[in-house]
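Here is the structure we will look at, set down as structure tokens.
The values are calculated or read from the model by the stated rules, or taken from the named source; none is laboratory data. Worth saying up front: this structure is predicted, and the values here are computed from it rather than measured. Glycine gets a Cβ as well: all are built from the backbone with ideal geometry, and neighbour counts include every protein chain shown.
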Amino acid sequence: MPSPTPKPDDPAVGVRTPSHSHAGAPTVLKIVIAGGFGAGKTTAVGAVSEITPLSTEEYLTEASANVDSLEGVEAKQTTTVAFDFGRLSLPDAPVPLELFLFGTPGQDRFVDLWYDLSRGAVGAVVLVDTRRLESSFTPVSFFEDIGLPFVVAVNHFDGAHRYHPEQVRAALELPTSVPVVTCDARNPSHIAGVLLTLVGHAVKYAPAGPNHLTPTTTLQDA
């Protein structure tokens, strides 16, 4: 039996909002939270979500030992196998916002799923763990390739060396147009700030057209 066709407002395929929102109604945006394995995506979504976040974490087993390297994150016991989902309302933002947050699995083998999770998104946050910087190249390249605006957020892990954002920019070979900020993924105000930075960046760099965000319109499902 063929799989049912997803409904237009299915969170897995994007966020659809009315063409003409009511006065005062928030702008609804879908945002992807990406990054390498163990970079803090599930933590970030859980820290800022105003609802109990949906999580698809599973325990790491010996079967994945040769696939998912724990070098630098030896204490990690679980991994996301589908996506995380959370929601954040920002009524006091310059434009009232309701953000739907989708955290991706970090391993490169899930890249096909990243395409699905990015459909209809206004932009992405790439969380970076400087202890495992090499894991950040794939998500950065992915969003560059699909043309989705993104910001890089350096997650300050306890005990990790603190690098200046411009050092991280140089290491990842990022253009000056991509914002690079620092945060603690456990801190709700830090993550909210990162999300607002992304929205501002997306507004500034989104291509013109009815299917892209502008300061006076809501997001249409691409």
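When the stretch 170-200 is filtered for residues that are more than 18 Å from the chain's Cα centre (by Cα) and either surrounded by 15 or more Cβ atoms within 10 Å (Cβ to Cβ) or at positive phi (or both), the ones remaining, listed by number, are Ala171, Glu173. Taken together, Arg186, Arg162 contain a single residue that is in contact (Cβ under 8 Å) with a residue 60 or more places away in the chain and not in a helix (DSSP H, G or I), which is Arg186. Say we look at the stretch 115-131 and pick out the residues that are out of contact with any helix residue (DSSP H, G or I) (no Cβ under 6 Å at 6 or more places or on another chain) and not aliphatic (A, V, I, L, M); which of these is nearest to Gly40 (Cα to Cα)? Step by step, filter the stretch 115-131, then rank; the result is Asp129. Taking the stretch 40-59 as the range and being in contact with a helix residue (DSSP H, G or I) (Cβ under 7 Å, 6 or more places away or on another chain) and at pLDDT below 95 as the test, the residues that pass are Pro53, Ser55, Glu57.
Among the residues of this structure, Ala171 counts as one that is of a type outside the set (Val, Ile, Thr), assigned to a helix (DSSP H, G or I) and in contact with a helix residue (DSSP H, G or I) (Cβ under 8 Å, 6 or more places away or on another chain). The set of residues in the stretch 121-136 being within 22 Å of Ala202 (Cβ to Cβ) and out of contact with any Leu (no Cβ under 7 Å at 6 or more places or on another chain) consists of Val126, Leu127, Val128.
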